[in-house]
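So the structure is just underneath, and the comments pick up after that.
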Amino acid sequence: MRIDGKTKVYGIFGWPVEHTASPALHNAAFEHLGINACYVPFPVETVDLEKAVEGIRAAGVCGVNVTVPHKMEILRYLDEVKDSAVRLRAANVVVNRDGVLLGYNTDAEGFRRALEHAGVEAADQDVVVLGAGGAARSVVRAFQKAGVTSIALFNRTREKAVLLAEEFSGFGAPIDVWSFSDPDVDTLFENSMILVNATSLGLRDGDPLPLEGKYIRQKHTLIDLIYEPRETRFLATGRERGALTINGYGMLVFQAMEAFTLWTGEKPPLKVMWDAGLEKL
Ligand code: NDP
């Protein structure tokens, strides 16, 4: 990589941020396309977020990704929040347009494109989403845009699922909040085709499954948003039952590709980014 006086700087704000694969993805794309730019991790603690956002303007950083725990908090420091981030109440991309900071969210589109890339047709399907955090919001948004028939939502903290369902109601498929003690839960899984784990269960060794294994069937497509480990217990259980299984790596790559286009206006190289990230993981 050649750094000179004209090199544009991009990066990622997060805490912790050491394990991010995003620099590998974006730097590989810059190099492949011959763009004089680099992408670096910025470890930003919550208490420093406002100052860090000021720093984007002050130092002429061209754009940043935003990850845990800043995606919601950052909205208040931006000049304009674009539609994609308004509905999700979270931004994962900031574009510095001549000192004006614009906030976008590419997670929902990243999830949608990952489904498409994996050949999963979500339209007219009944789907189940496990979790009601930031990632689950993107998944629900993407499923509504994809034209699913219904969304069944499960979450440890039921109230959060109820709030999510209320917020997204009227923007696409109806969202029903379920719990595993509901009498018709077996029938729900019998009738559903796509199950998504959008909880953080599976990130750590020894985590329990996000649902009892008995609900997983051969006909299901199982998607876990987690990509490290590449195969969670949720996906392993699905594979053992003969289900189609997809991890979260595609979502990571496609949200990055969307961000890359917002920053550079260029079409990013899928294979180059895909391979570079895998090498890093
Ligand atoms: P949040 O912290 O916003 O949400 C976490 C979710 O997991 C909540 O629904 C929470 O339930 C649930 N949860 C956490 N611990 C438990 C537990 N012990 N038992 C049951 N449920 C639990 O995180 P995000 O939504 O940002 O991220 C969720 C997952 O998605 C993470 O694994 C993350 O790595 C992944 N992700 C992947 C992306 C990709 O590009 N592939 C992008 C973004 C996220 P409760 O509400 O009860 O706390």
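Expressed in nm to one decimal, what extension gain is obtained for the pair Glu18 and Asp124 from 0.36 nm per residue of sequence separation less their Cα-Cα distance?
So the extension gain works out to 34.2 nm.
So how far apart, in nm, are the two label points at Thr261 and Glu80 if each is 7 Å from Cα heading toward Cβ?
With each label placed 7 Å out from Cα toward Cβ, I get 1.9 nm.
With a length cut of 24 Å (Cα positions projected on each helix's long axis) and a Kyte-Doolittle mean of at least -0.5, go through the chain and give me the DSSP H helices that pass.
Span-like helices in the chain: none at all.
Going by the alpha-carbon gyration tensor, a ≥ b ≥ c the square roots of its eigenvalues, is the chain rounded (a/c under 1.5) or, if a/c is not under 1.5, prolate (a/b greater than b/c) versus oblate?
Prolate shape, in that a/c is at least 1.5 and a/b is the bigger ratio.
I need the calculated FRET efficiency for the pair Val47 and Arg204, taking r as the beta carbon distance and R₀ as 25 Å, to the nearest 0.05.
FRET efficiency, Val47 to Arg204: 0.40.
Take the solvent-accessible surface of the protein heavy atoms, probe 1.4 Å, and return the percent of it on the chain that carbon and sulfur atoms account for.
50 percent
Among Ala259, Ile175, Thr7, pick out the residue whose Cα is farthest towards the positive end of the charge dipole of the chain, where Lys and Arg carry +1 and Asp and Glu carry -1 on C-beta, about the Cα centre.
Thr7
Return the single residue from Phe13, Phe143, Phe168 with maximal mean-square fluctuation; model: Gaussian network over the chain, springs between Cα atoms under 10 Å.
Phe168
Using helices alone, I'd like the mean residue ellipticity at 222 nm for the chain: each DSSP H run of four-plus residues gives -39500 (n - 2.57), total over residue count, nearest 500.
Calculated mean residue ellipticity at 222 nm is -11500 deg cm²/dmol.
Which number gives the lysine pairs in the chain that have C-alpha atoms under 25 Å apart and are eight or more places apart or on different chains?
Taking the chain as the scope, the lysine pair count is 23.
In the stretch 127-149, whose amide N lies under 18 Å from the spot 7 Å out along Cα-to-Cβ of Arg241? List them in ranges.
In the stretch 127-149, the label zone of Arg241 (backbone N under 18 Å from the point 7 Å along Cα→Cβ) covers 127-131.
Roughly how many nanometres apart are two label points built 7 Å out from the Cα toward the Cβ at Arg217 and Leu270?
Placing both labels 7 Å beyond Cα along the Cβ direction yields 3.1 nm.
At what distance in nm do the modelled label points of Leu278 and Thr157 sit from each other, each positioned 7 Å from its Cα along Cα→Cβ?
Rounded to a tenth, the inter-label distance reads 3.7 nm.
Going by a ≥ b ≥ c, the root eigenvalues of the Cα gyration tensor, does the stretch 109-247 fall in the rounded group (a/c under 1.5), the prolate group (a/b larger than b/c) or the oblate group?
Taking the square roots of the gyration eigenvalues as a ≥ b ≥ c, the stretch 109-247 is rounded.
Using a 1.4 angstrom probe, figure out how much accessible area the stretch 109-247 has per residue, in square angstrom, rounded to the nearest whole. Kindly include the intermediate steps, with their values, before the conclusion.
On the way: 6640 Å² over 139 residues.
Ligands and nucleic acids excluded, the result is 48 Å² per residue.
The values are calculated or read from the model by the stated rules, or taken from the named source; none is laboratory data. All values reported here derive from a predicted model rather than from experimental measurement. Using ideal geometry, Cβ is built from the backbone for each residue, glycine included, and neighbour counts are taken over all protein chains shown. Ligands, DNA and RNA are stripped out before the accessible areas are found, and what is left, the full protein with its side chains, is counted by its heavy atoms. Shrake-Rupley method; radii C 1.70, N 1.55, O 1.52, S 1.80 Å.
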